[in-house]
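Have a look at the structure below, then the notes.
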Amino acid sequence: HADRVAVVDGARRVTYRELSTLVNRLAVHLALRGVRDGARAVFQLPNVLEFVVAYFACLKVGAIPVCCLPAHRHAEIGYLAKFTEAAAWFIPSDFRGFDYVAMAEELRGELPALSEIFVAGERAGGGMSRLGDLLADPVVERTPPGSLGRLRPEPGDVAVFQLSGGTTGLPKVIPRTHDDYLYNS
């Protein structure tokens, strides 16, 4: 089914083959930047192509997505990123009138483990990476074959943190393993 449409994002249509290429490109970039092997990655992207690509790229290199709502703001994101010791954060430039780049610039200094901020959209702040630039870079051609295979997580490794709203007002994180995620969801 390589030539069938896998993702529809507005006017954008991406086939399974194209999706695989994009996931591999981003996975290599993540691995080269140390976002792999259990590193936590906060996801605050809306339902866009970049979310799908980044999510699968993280799973491929063993980075652990911490999926948050785009509606979360400073308090929730600051808490989750600190609690999980997030190394990366995926955000839109802006969404529904809110400036995520500005929020990331404000919070970055309070998050000592945060080393990478990836932005879907045209505008990124200093020290942030535009996902569009990374996805356009054929980095896989400069990377030794099989390098991604060495990063494959074990079935019992934590795959994703699922959030629970709980009753405290701040979300809780619940770890799920690759086995849980793949076979029991």
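The values are calculated or read from the model by the stated rules, or taken from the named source; none is laboratory data. Since this is a predicted model, take the numbers as computed values, not measurements. Every residue, glycine among them, receives a Cβ derived from its backbone with ideal geometry; neighbour counts consider all protein chains shown. Accessible surface is based on the protein model in full, side chains and every heavy atom, while ligands, DNA and RNA are left aside. Shrake-Rupley method; radii C 1.70, N 1.55, O 1.52, S 1.80 Å.
Quick rundown of the values:
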| item | result |
| --- | --- |
| Filtered residue count, segment 17-51, keeping only those that are part of a loop (DSSP other than H, G, I, E, B), in contact with a strand residue (DSSP E or B) (Cβ under 6 Å, 6 or more places away or on another chain), closer than 21 Å to Pro70 by Cα and not aliphatic (A, V, I, L, M) | 2 |
| Selection status of Val14, touching a His at 6+ places or on another chain (Cβ under 9 Å) and either of a type in the set (A, V, I, L, M) or in a loop (DSSP other than H, G, I, E, B) (or both) | no |
| Pairs, first part of a helix (DSSP H, G or I) in segment 98-121, second crowded, with 19+ Cβ neighbours inside 10 Å and β-branched (Val, Ile, Thr), C-beta under 6 Å, six or more apart | Tyr100/Ile91; Ala104/Ile91; Ala104/Ile117 |
| Residue in segment 21-42 that is under 10 Å from the mean Cα position of the chain (by Cα) and either modelled with pLDDT under 95 or among the acidic types (Asp, Glu) (or both) present | no |
| Count - residues of segment 114-135 that are among the hydrophobic types (A, V, I, L, M, F, W, C) and either over 17 Å from the mean Cα position of the chain (by Cα) or more than 26 Å from Asn47 (Cα to Cα) (or both) | 0 |
| Number of positions in segment 84-110 that are open to solvent by less than 40 Å² (accessible area, probe 1.4 Å) and more than 28 Å from Asn24 (Cβ to Cβ) | 3 |
